[in-house]
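The values are calculated or read from the model by the stated rules, or taken from the named source; none is laboratory data. Please read these numbers as outputs of a predicted model, since none were measured by experiment. Positions of Cβ are backbone-derived with ideal geometry, glycine not excepted, and every protein chain shown enters the neighbour counts. To get the accessible areas, we keep the full protein, side chains included, count just its heavy atoms, and leave off ligands, DNA and RNA. Shrake-Rupley method; radii C 1.70, N 1.55, O 1.52, S 1.80 Å.
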Amino acid sequence: MNSEELLTRYASGERNFRDTDLFRAELSNANLSGTNLFRANLFRANLFRANLLGVSLFNANLIGANLYCANLSGANLSGANLTRADLTGADLSGADLHGADLSGAILSGANLSYADLSKSTLFKAELLNATLIHANLKGANVKQTNLTGAVVQDAVFVKAMGLAFEVVSQLKEQGAILEEASSNRRVNAAMC
C-alpha cells in the first residue's frame, strides 16, 4: 500500500491497517489518529509532524523513521522497533513503549511524561532536554544514553541497566526514583 491509498482509506473512515507495508512512506503532516498499525512496516517512513494520537503501533517496524515533532500522545508502541528513529520534539506523553527498541534513537526535546518505557532498550539514545516526568523506565537498558538536561522528576529508574555512577547521583539530585520503597520500612514506620 502506498501513502496516497492509506490516506484515502483513512479519509473514508477506515482505521485498521494491521500488517501494512509502508516502507519509506511519505506521511508528513498526516492525520492518522486512532489508527491500528499493528505490526506495520514503516521502515524509514517520513512521519514529520504527523498526528498519531492514540495510534496502535504495537510491534511495528519504525527503524530510521522520521517522527520529528510527531504527536504520539497515548500511542501504543510496545514492542516497536524504533532503532535510529528521529523523535526530536515528539509528544510521547502517556505512550506505551514497554519493551520497545529505541537504540540510537534521537528523543531530544521529546515529551515522555507518564510514558511507559519499562524494559525498553535506550542504548545510545539521545534524550537531551527531554521531559521524563513520571515516566516508567523500570528495567530499561539505558547504557550510554545521553540524559543531559533531561527533566526526570519522579521518573522511575528502578532496576534500569547500564546507569553510570555519576548519572545515578545526578538522577537522584533531580528527583528520579532509583530504588523501590521497602515494604518492611513502611510496616515498621507504621508500628512506631
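Amide H contacts of residue 31 (H built 1.01 Å from N, in plane; Pro and chain starts excluded): 51 sit under 5 Å, all sequence-distant by 5 or more or on other chains.
Between 162, 74, 94, the residue with the greatest mean-square fluctuation in the GNM of the chain (Cα pairs under 10 Å linked by springs) is 162.
Across the stretch 110-158, Cα pairs under 8 Å and at least six residues apart give a relative contact order of 40 percent. Measuring nothing but how far apart in sequence close Cα pairs (under 8 Å, 6+ apart) lie, relative to its length, the stretch 1-101 scores a relative contact order of 20 percent.
The order of the peptides 65-72, 3-10 by mean Cβ neighbours within 10 Å, most packed first, is 65-72, 3-10. Based on C-alpha pairs under 8 angstrom that are at least 6 apart in sequence, the stretch 1-178 has a relative contact order of 11 percent. Considering only 160, 58, 117, and ranking their Cα positions along the charge dipole of the stretch 58-192 that arises from unit charges at the beta-carbon of Lys, Arg, Asp and Glu, the one farthest toward the positive end is 160. For the stretch 1-178, a simple Cβ point-charge model (Lys and Arg +1, Asp and Glu -1, everything else neutral) yields a dipole of about 300 debye relative to the Cα centre. Measure off, as a whole percent, the carbon and sulfur share of the 1.4 Å-probe accessible area of the chain, all protein chains present. The computed percentage sits at 49. Packing order of peptides 136-146, 106-116, 29-39, highest average first: 106-116, 136-146, 29-39 (average count of other Cβ atoms within 10 Å over each peptide's residues). Each stretch of four or more DSSP H residues adds -39500 (n - 2.57); spread over every residue of the chain, this sum gives -4000 deg cm²/dmol at 222 nm. Counting only protein heavy atoms and a 1.4 Å probe, the chain has 48 square angstrom of accessible area per residue.
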